[in-house]
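Only the coordinates and a few stated rules stand behind these numbers; no lab work does. The shown structure was predicted, so the numbers you read here are calculated from the model rather than taken from an experiment. Virtual Cβ from ideal backbone geometry, glycine too; neighbours counted across all protein chains shown.
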Amino acid sequence: ETGVTQSPTHLIKTRGQQVTLRCSSQSGHNTVSWYQQALGQGPQFIFQYYREEENGRGNFPPRFSGLQFPNYSSELNVNALELDDSALYLCASSLVGAATEAFFGQGTRLTVV
Amino acid sequence: AQRVTQPEKLLSVFKGAPVELKCNYSYSGSPELFWYVQYSRQRLQLLLRHISRESIKGFTADLNKGETSFHLKKPFAQEEDSAMYYCALTGPGSARQLTFGSGTQLTVLP
């Protein structure tokens, strides 16, 4: 059984650029959720993908978008990067609808300069 | 709006002493409550959830709906308990997204 893996681990981008973060879900999990964790804060829900469609969204602007692929892996895309987008981005995989545990990846540290 | 509040950012106790990490929540309905833990250089992982009513690594947490609290307790802290602890909740619906508190950094001193 493989765990949740995210790439890259660290990334530095310039304000206004676009970024793509990647996540491979745990074996057997069909749902991927993305969270943003600013320094000193708890993770904040961005959105969730199930069956390649968005299945719930938090309070984030449309420039945050995502994809899920047939193998359940996922991408988080952020356009027009702002300095406040600097954060740790966490991916979590789970089984939809069930009271099951969400397994988290190690995260991608994004710095916007 | 749902919210989770962890009033203590930092908490230090001596080894063998009891520890309580506080968590209060606001939610209109019946949420499911969790405690997640992040040890140094490790990923965020589930510690326990209220529906399981279980004790993990000596930790327990009781859901008090009247006080809207879900405090995490352990009678005798160990040095390996030092970590960041996050209280979280989720509600019904297929997305079941987690709402986290801001976390409490627990340090158990020798």
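Counts of other chain beta carbons within 10 angstrom of each beta carbon in peptide A:35-48 average 4. With a threshold of 21 Å on the Cα-Cα distance, the over-threshold entries among A:13/B:9; B:15/B:65; B:15/B:73 are A:13/B:9; B:15/B:65.
Counting partner chain Cβ atoms within 10 Å of every residue's Cβ in B:97-104, what's the average?
Mean number of neighbouring Cβ atoms from other chains: 6.
Here is the list for the stretch B:71-110: chymotrypsin sites (Phe, Trp or Tyr not before Pro) lying in DSSP coil, each with at most 15 other C-beta atoms within 10 angstrom of its C-beta, are B:76.
Could you pull out which residues in the stretch B:20-41 have an amide N less than 11 Å from a spot 7 Å beyond the Cα of residue B:64, following the Cα-Cβ vector? Zone members listed by number: B:22-24.
Relative to the 2.2 N^0.38 Å rule of thumb, the stretch B:1-62 has a C-alpha radius of gyration ratio of 1.24. The packing ranking, built from the mean of other Cβ atoms within 10 Å per residue, places the peptides A:50-58, A:7-15, A:71-79, A:29-37 in the order A:29-37, A:71-79, A:50-58, A:7-15, highest first. D by Stokes-Einstein for chain A, Kirkwood Rh over Cα pairs, 10 °C, 1.306 mPa s: 114 µm²/s. Over chain B, the ratio between the Cα radius of gyration and 2.2 N^0.38 Å evaluates to 1.03. Our summary gives chain B a relative contact order of 38 percent, counting only alpha carbon pairs under 8 angstrom and 6 or more residues apart.
Counting Cβ atoms of other protein chains within 10 Å of each residue's Cβ and taking the mean over peptide B:36-48 gives 3. Using label points projected 7 Å from each Cα along Cα→Cβ, tell me how many nm separate residue A:17 and residue A:84, to one decimal. In this crude label model, residue A:17 to residue A:84 measures out at 2.2 nm. Close amide H partners of residue B:15, meaning residues 5 or more places away or on another chain with modelled amide H under 5 Å apart, are B:109.
Evaluate the distance, in nm, between pseudo-label points positioned 7 Å from the Cα of residue B:1 and of residue B:73 along their respective Cα→Cβ axes. Computed distance between label sites residue B:1 and residue B:73 equals 3.2 nm.
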